[in-house]
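Below is one structure, written out as structure tokens; comments come after it.
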Amino acid sequence: MRIQKLRNNLQVLLLACMLSVSFTHVSMAQTVAKDSQILRDKRPSAKLSVKQLKHRIGILNRVVSNSKIHPKWRQRGLNMRAADKAELKKRSTVRKPRVQKPAKRQAGLQPQILRILRDKRPSSNLPDRQLKQRLTSLRSIINSGDVRTESLRRARAMYTADRTELRKRASVRTKTPQIPPQGRAKSASEAGRVLRDERPAYSLSTRQLKQRVESLQRIIAARQSQPKWHRRALTMRDTDVAELRSRSQGTTPPAVAAVLNDKHPARSLSTKALNRRIRALEGIANASNLDKRQRNMASRMRSRDLRELESRSRANRLPYPRHIDVLQDRRPAVRLTGKELQTRVRAIRAQLQQQDLPRDIRRQLARKLAADRTELRRRIKARRERQEGQGYQLAPPTRSDIALAEKAKRLLSDYRVSSELNKRQLRRRIRSNREVLKYVALTSKQHTALKAMLRLDRMEKRHRLLAARDRRQEKMRRLRSQGQLRFETNPDYANNYPRAPRGDITAAESDKFMIQRQLLRPETRTYNRRYSRAEIIRRPELTRQFAGIDVDTINFGFNEYWIREEEVDELERMAVTIEKILALRPYEVFQIEGHTDAVGSDAYNIGLSQQRAIAVKEALTKFFVISANNLVTVGLGERYLKIPTLEPESENRRVTIRRITPIVRR
């Protein structure tokens, strides 16, 4: 029994050994078969990565060490292994370039960079606290390494300037007498007195300035005041120290330079700003540490500001609006006759030319003038179009938004070519197109279509104006050759128009006969001297004695100086009259004056008015038979306001034409 059991155990053990040997042979066969597949890999060594090369070399080592492989495949494995090892050695000898990791960008650094680099304030105008903050920000920008070269260069320049300024201030503080802090200020009354001292630093003497700096240092060291008063003490201390430094260096203090370089006219400032500048100028004029030239300049500026302030105070003491007769006339403009309407418009304009009108009265008069002027110009335009035979008809009154929507629908469905429209239709379509593009919300496709239509209509209008100019020029040449060129150059003033006013007239409220009378008005005096054109441009007051025509039919917008093609028609009546005058008198000279309102600086307004005068001159010489030698342009800015007001006023944005032949040197 025991022998039988031992025999069974031996059989089981033998069977297990046989199975393990068989499995080992099978796995070895599979491994050999799998490794032999690498010999069919035709990829070159140069295209494999280092990891792939090492893996293939390991497999080739096993394949080559197998003794049962065919010699042909063994030699192929040796060649592949040699090539892979050579490639791997080649790559290990090549030194890889060191890749520098980009610095991590701090959150929110880009807006900080833009804000700091756009800071145009000079270092001398900043207090110590803001200067240190900007230095810290600039240091972080320079060290970040993620800005462009130009920005980095600007940041370094700003950092150098701020650091130099901070060192200068530190050196000045060491020179000024320092009093060690005694824990608290002498008393709360002293702190309040010093912090409520509103005297500017440049108005104090050096001794007073040093005393205030010492008091402020004691207050800052005590730290017993509220945060806002502590900030005020820091600001005052930095301002006084900067003033002491400028005096020690012999330069003009920045605060004094800022006040003296203020070129804003007194009438363009508010009453609060005017009082603030008067106080600053008074301190500069009484400062003993400034030179005589600066004190005199401050005194002159203060006198001008005081006169303006006095004129405003007188204006507030004027009578109540019920004492003004023009405002008592409550009749609507549509119920007045043409003569009554012209009289009332003239009276309102004369009232508005007064300098001391209160603001509320001026606004009432301006609203009344706008209503009367609109009605008067509508009547004159209707009469002119009836005379020209255009069949003028009044449009039925409609709401503005509904009318604009209907105009937009008509324009978008209008496919007529510009050349098929007559003069009135073309002018109406251009005007409607401008109103729709300005006030109606359109899609991008509709906006593009209307812009293209407006461009083509203006091009057609330009061609027609040039063709009309050529026809008039040919007609005048033919009449001159035949000796039939006639023009009434001296109208009968005594019979038809007795005692015409000498002042300027308005083109929108005048017909062609009034324009002709104004341009050909005979002179009542003789002139012993004549001036060159350059002298007339330098001295515009010489030509104020001649009658002029205000070209307010061209509506210059705020800060605009160009003339559109559709607005050239408004110059036609005046330009045709000038054409006829020059055809018979080629030596006549006309001056074109540009005017602006009182908004903006004097220098800018003079340049803008000059551009407006040049625009009118270019329109007259391009679309009419007028030579540029017969025209003189001058920009007067806000020097001669038609309605004296500081607010934007369309009446002041105009161009005036005068005949100045009697004083022009030929």
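The values are calculated or read from the model by the stated rules, or taken from the named source; none is laboratory data. Source: prediction; values computed, not measured. Positions of Cβ are backbone-derived with ideal geometry, glycine not excepted, and every protein chain shown enters the neighbour counts. These area figures cover heavy atoms from the full protein model, side chains too; ligands, DNA and RNA do not enter into them. Shrake-Rupley method; radii C 1.70, N 1.55, O 1.52, S 1.80 Å.
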Express in Å², to the nearest 10, the accessible area of residue 476 obtained by rolling a 1.4 Å probe over the protein heavy atoms while all chains stay in place. 30 Å²
For 149-156, 81-88, ranked highest to lowest by mean beta-carbon neighbours within 10 Å, the order is 81-88, 149-156
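Using R₀ = 56 Å, calculate the FRET efficiency as 1/(1 + (r/R₀)^6) where r is the Cβ-Cβ separation of residue 343 and residue 415; round to 0.05.
0.70
Subtracting the Cα-Cα distance from 0.36 nm times the residue separation, let me have the gained length for residue 142 to residue 614 in nm, one decimal.
On the way: separation 472, 0.36 × 472 = 169.92 nm, distance 5.05 nm.
Extra length from residue 142 to residue 614 when fully extended: 164.9 nm.
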Please work out how much length the chain gains when fully extended from residue 486 to residue 530, using 0.36 nm per residue of separation minus the C-alpha to C-alpha distance, in nm with one decimal. 12.9 nm
Run the reach check for residue 272 against aspartates and glutamates, Cα to Cα strictly under 14 Å, same-chain hits fewer than 8 apart removed. What comes back? 305, 308, 310
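Quote to one decimal, in nm, the extra length available between residue 129 and residue 459 on full extension: 0.36 nm per residue of separation minus the C-alpha distance between them.
Details: separation 330, 0.36 × 330 = 118.80 nm, distance 6.12 nm.
Extra length available between residue 129 and residue 459 comes to 112.7 nm.
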Mind checking which lysines have their Cα closer than 19 Å to the Cα of residue 68? Skip sequence neighbours fewer than 8 apart in that chain. 34
Rough spin-label spacing in nm, given labels placed 7 Å along Cα→Cβ, for residue 86 and residue 353: 10.6 nm
Proximal aspartates and glutamates to residue 47, defined as alpha-carbon separation beneath 15 angstrom and excluding residues fewer than eight positions away on the same chain: 84, 87
For region 643-654, 3J(HN,Hα) per residue [Karplus equation, 6.51 cos²θ - 1.76 cosθ + 1.60, θ = phi - 60°, Hz, x = Gly/Pro]: 10, x, 8, 8, 8, x, 9, 5, 5, 7, 8, 8
Beyond a 27 Å Cα-Cα separation, which of these cross-linked pairs lie in this structure: 580/622; 438/461; 339/461; 451/642? 339/461; 451/642
Residue 631's amide H: which non-local residues (gap 5+, or another chain) put their own amide H closer than 5 Å, with H modeled 1.01 Å from N in plane and none for Pro or chain starts? 590
Distance in nm between label sites at residue 72 and residue 545, each 7 Å beyond Cα in the beta-carbon direction? 12.4 nm
At a Förster distance of 30 Å, what's the computed FRET efficiency of residue 311 paired with residue 156, Cβ-Cβ distance as r, to 0.05? 0.05
Residue-ordered couplings for region 61-71, obtained by feeding phi - 60° into the Karplus form 6.51 cos²θ - 1.76 cosθ + 1.60 and rounding to whole Hz (Gly and Pro as x), are 4, 5, 5, 5, 6, 6, 7, 8, 7, 5, x
For residue 632, tell me the accessible area in Å² from a 1.4 Å probe, rounded to the nearest 10. 10 Å²
So for R0 = 41 Å, FRET eff. of residue 666-residue 327 from the Cβ-Cβ r, to 0.05, ends up at 0.25
Leaving ligands, DNA and RNA out of it, work out the accessible area of residue 576 with a 1.4 Å probe and give it in Å² to the nearest 10. 40 Å²
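Quick one: order 163, 410, 330 from most to least accessible surface, probe 1.4 Å.
On the way: 163 90, 410 140, 330 185 Å².
Solvent-accessible surface, decreasing: 330, 410, 163.
Using the per-residue mean of other Cβ atoms lying within 10 Å as a proxy for protection, in what order, highest first, do the peptides 56-68, 592-604 fall?
Numbers: 56-68: 15.2, 592-604: 20.5.
Order by mean packing, descending: 592-604, 56-68.
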What nm distance separates the two modelled labels at residue 299 and residue 438, each placed 7 Å from Cα along Cα→Cβ? 5.2 nm
Mind checking the alpha-carbon convex hull of region 525-666 and giving the volume per residue in Å³? 105 Å³
Taking placed amide H atoms and a strict 5 Å upper bound, the residues 5 or more places from residue 531 or on another chain that come that close are 664, 665
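Ordering 444, 123 from largest to smallest accessible area (1.4 angstrom probe), what's the sequence?
Numbers: 444 95, 123 15 Å².
Largest accessible area first, the list is 444, 123.
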In order through region 42-52: 3J(HN,Hα) via Karplus (6.51 cos²θ - 1.76 cosθ + 1.60), integer Hz, x for Gly, Pro: 9, 6, x, 5, 5, 8, 9, 6, 5, 5, 5
List every residue whose amide H lies under 5 Å from the amide H of residue 637, counting only residues 5 or more places away in sequence or on a different chain, with H placed 1.01 Å from N in the peptide plane. 596, 609, 610
